[in-house]
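The values are calculated or read from the model by the stated rules, or taken from the named source; none is laboratory data. These numbers were taken from a predicted model, which means no experiment stands behind them. Neighbour counts run over all protein chains shown; Cβ positions are idealised from the backbone, glycine included.
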Amino acid sequence: MGGVLSTNAFWTIWLFIHLILAVGLLGALTHQAMAVALPARQPAGGIVTRFRAVRASGYATAVCVLWVVTFLIGSYIYTSYRIYIRIPLEEGHYFKTAGFFDFKEHVTTLGLLLLPAYWYLWKNADDPAYDNARKGVTLVLAVMCWFLFIVGHVLNNTRGFGS
Amino acid sequence: MSQSTPNYTPTSSTQPSAVAAPPASSLAASRKFGTFALTFSICSPVVYCAVVFLNWPLVTFWPATDRLVWGYEGARAGEGPNMLWYGWTLTAILIAAALGILAVLLPERITRKIPLALVWILPILAIPFVVYSLMPWWRLAFR
């Protein structure tokens with residue numbers, strides 16, 4: 001910070017970077033989940049078909065990198081959250097919001113711990129023995145990512161940017 | 001042997017469906033890494049829930065004073081709140097990695113028997129425990 005940025009601006013920038021990475025992760029995982037759950041049987045139809053018709057294996061490494069980087073930045077922001085956001089939330093009796101944030105932290109870790117298998121299963125996408133596991137783990141990660149994004153969004157609306 | 005890229009368009013019934021093309025990266029081609037990665041991810045939801053239940057953080061962080069200590073440290077006057085989640089995550093990673101390494105050392109005929117479906121079933125089963133572990137919040141919210 002060193003006088004160049006205010007404390008508020010500093011944390012807001014980190015929160016914004018966290019948000020942008022989360023949007024990228026959400027997009028990649030949603031594309032991939034749609035491609036494995038409802039694979040397109042013919043090329044280039046409407047927008048929904050094109051959304052499903054991506055080459056899903058190409059997203060695996062990007063998803064892992066985005067999850068880890070978003071996780072690390074979120075972990076960094078978490079220190080500030082614990083002091084400047086959670087205490088006022090408790091004082092304001094926003095117990096559900098604070099509870100859901102703790103829920104989010106656990107789900108984030110569970111997702112992080114799935115990444116080695118997820119990456120391996122996608123890098124061996126031609127092996128039919130892995131088809132069901134790959135599909136299952138991708139859908140679980142996509143649902144987790146949507147949950148994390150929505151909870152983060154609601155929390156930010158409660159007390160986020162500029163707080 | 002020719003290499004083929006992953007292809008999700010429907011294949012002809014005359015193509016050999018069971019033949020897997022070797023993956024491009026050497027890490028992904030390694031069966032040992034596969035055993036490690038799958039064991040790590042299959043064990044980790046159970047390990048994480050156990051670590052949270054037993055409260056075994058590798059470290060405790062005090063954000064108000066920027067102090068990091070090994071293991072668990074309970075509330076201290078004048079230090080603000082403590083953070084255990086970093087420690088829980090690190091403990092779970094270390095234990096799951098140790099189990100992954102152990103699985104690599106086992107004969108392949110044993111590790112092959114691990115049902116792959118557990119990799120997505122166990123994280124789902126972990127969710128009810130996680131919700132239960134947050135009961136103090138829900139009690140405060142719904143009292």
Given (1) surrounded by fewer than 19 Cβ atoms within 10 Å (Cβ to Cβ); (2) at pLDDT below 85, index of the condition residue B:54 fails: (2)
Restricting segment B:129-143 to residues that are facing chain A (nearest Cβ under 8 Å) and in contact (Cβ under 8 Å) with a residue 60 or more places away in the chain, the residue that is surrounded by the most Cβ atoms within 10 Å (Cβ to Cβ): B:130
Residues being at pLDDT below 90 and of a type in the set (A, V, I, L, M) - total across segment A:42-82: 6
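For (1) under 25 Å from residue B:132 (Cβ atoms); (2) within 8 Å of chain A (Cβ to nearest Cβ); (3) touching a Gly at 6+ places or on another chain (Cβ under 9 Å), each residue gets a yes or a no:
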{"site": "B:28", "(1), (2), (3)": "no, yes, yes"}
{"site": "B:39", "(1), (2), (3)": "no, no, yes"}
{"site": "B:45", "(1), (2), (3)": "yes, yes, no"}
{"site": "B:48", "(1), (2), (3)": "yes, yes, no"}
{"site": "B:51", "(1), (2), (3)": "yes, no, yes"}
{"site": "B:54", "(1), (2), (3)": "yes, no, no"}
{"site": "B:64", "(1), (2), (3)": "no, yes, yes"}
{"site": "B:69", "(1), (2), (3)": "no, no, no"}
Residue match in segment B:88-110 (condition: among the polar types (S, T, N, Q) and more than 20 Å from residue A:107 (Cβ to Cβ)): no
Qualifying residue in segment B:80-96 (condition: within 9 Å of chain A (Cβ to nearest Cβ) and surrounded by fewer than 17 Cβ atoms within 10 Å (Cβ to Cβ)): yes
Residue match in segment A:61-74 (condition: within 12 Å of chain B (Cβ to nearest Cβ) and farther than 26 Å from residue B:53 by Cβ): yes
Hits in segment A:123-150 (condition: part of a helix (DSSP H, G or I), within 7 Å of chain B (Cβ to nearest Cβ), over 12 Å from residue A:29 (Cβ atoms) and in contact (Cβ under 8 Å) with a residue 12 or more places away in the chain): A:123, A:133
Candidate set from segment A:93-117 (those that are among the aromatic types (Phe, Trp, Tyr) and in contact (Cβ under 8 Å) with a residue 40 or more places away in the chain); member that is nearest to the other protein chains (Cβ to nearest Cβ): A:103
Test: residue in segment B:102-111 that is within 11 Å of another protein chain (Cβ to nearest Cβ) and modelled with pLDDT of 95 or more: no
Scope segment A:75-92; condition within 11 Å of another protein chain (Cβ to nearest Cβ) and of a type outside the set (A, V, I, L, M, F, W, C); matching residues: A:75, A:76, A:78, A:79, A:80, A:81, A:82, A:84, A:86, A:90
Qualifying residue in segment B:59-71 (condition: in contact (Cβ under 8 Å) with a residue 60 or more places away in the chain and not acidic (Asp, Glu)): no
Where residue A:120 falls short, out of the listed (1) within 20 Å of the chain's Cα centre (by Cα); (2) touching a residue at least 12 places away in the same chain (Cβ under 8 Å); (3) buried (at least 22 other Cβ atoms within 10 Å of the Cβ): (2)
Segment B:113-128 - residue that is more than 7 Å from every other protein chain (Cβ to nearest Cβ) and either small (Gly, Ala, Ser) or touching a helix residue (DSSP H, G or I) at 6+ places or on another chain (Cβ under 9 Å) (or both) and, of those, surrounded by the fewest Cβ atoms within 10 Å (Cβ to Cβ): B:115
